[in-house]
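Colleague: Before I ask anything, let me first share the structure, which is written out below as structure tokens.
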Amino acid sequence: MRILYVTIVCAFVLFLSIGAIKRYAYHQLITLLENKEYARFDRLIDSKRMKLLFPKLVLLDMKLNASLLRQDKARSIQLIEEICHLPLTSSQKETYYLKAFNFYVGIEDKKNSKKYLDLIQKGSNEKMKVETRRVYNIYIDKNDHDLKDLIKELDDMEEDQKGIHEFLISKIYANKKDPVNARKYEQLSKEHLALIDSRTSEKKLAHPTPNKHK
């Protein structure tokens, strides 16, 4: 019984130690990215230590984030495709298909935007289906199919919820070569998005983060 107890305690201590090592390693990688020390980041993330500590998906995701920060289009495409061809869970597919979709929309790659839009439409996240379809319509096909629905939905929204809708409406009017309404909804979007920033700041002041070093 004593041997079993000691084994359990040792296993628990080892578990805590590995957790601390992983947190420190992850913090190292994040710090290097924040400081734009990309060469050191590349060496560290490709080290044997990192491959032992983290699953392949975690490392690929970190590399993808780094390539996006570096605006390395070719490397980002390579990593996106590698990740999306892994055996992913349903929730992971949602995350990375959306990441891929947003990336390809951002570089106006119609073929691959449509590819990931179709994959998202096969999933079960109804909200994501609607939002990505709208983004595709507005940014890739540049049509106004969603204009009436977006304007109508504003009526049921709180003021601080309207910003994204108004931004999309502004983009639709810009596509339609209607600068007056484009500017109108762009300004409304800025005002309503500013409300979110203001309320977030108020919450932080009301509930300051405790100083752990005191």
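Colleague: Using 0.36 nm per residue of separation minus the Cα-Cα distance, give me the extension gain between Q71 and V180 in nm, one decimal.
Modeller: Residue separation times 0.36 nm, minus the Cα-Cα distance, leaves 35.9 nm.
Colleague: Sticking with this structure for a sec: What whole number of Å gives the distance from the Cα centroid of segment 155-189 to the Cα centroid of segment 69-131?
Modeller: Using only Cα atoms to place each centre, the spacing works out to 26 Å.
Colleague: Counting each pair of different Cα atoms once, what's the Kirkwood radius of segment 121-200 in Å, rounded to one decimal?
Modeller: 13.2 Å
Colleague: Relative contact order of segment 112-186: what whole-number percent is it, with Cα pairs under 8 angstrom and at least 6 residues apart?
Modeller: Numbers: 54 pairs, mean separation 17.1, N = 75.
The value is 23 percent.
Colleague: Then there is this: Between D197 and K148, how high is the FRET efficiency from 1/(1 + (r/R0)^6) when r is the Cβ-Cβ distance and R₀ = 35 Å? Nearest 0.05.
Modeller: Working: r = 29 Å, r/R0 = 0.84.
Using R0 = 35 Å, I get an efficiency of 0.75.
Colleague: Treating cross-link reach as a plain straight distance, find the aspartates and glutamates whose alpha-carbon is under 16 Å from the alpha-carbon of K48, omitting any fewer than eight places away in the same chain.
Modeller: Here the aspartates and glutamates satisfying the reach criterion relative to K48 do not exist.
Laboratory data are not the source of any read-out in this text; all were calculated from the coordinates shown. No experiment lies behind these values; they were computed from the predicted model shown. Virtual Cβ from ideal backbone geometry, glycine too; neighbours counted across all protein chains shown.
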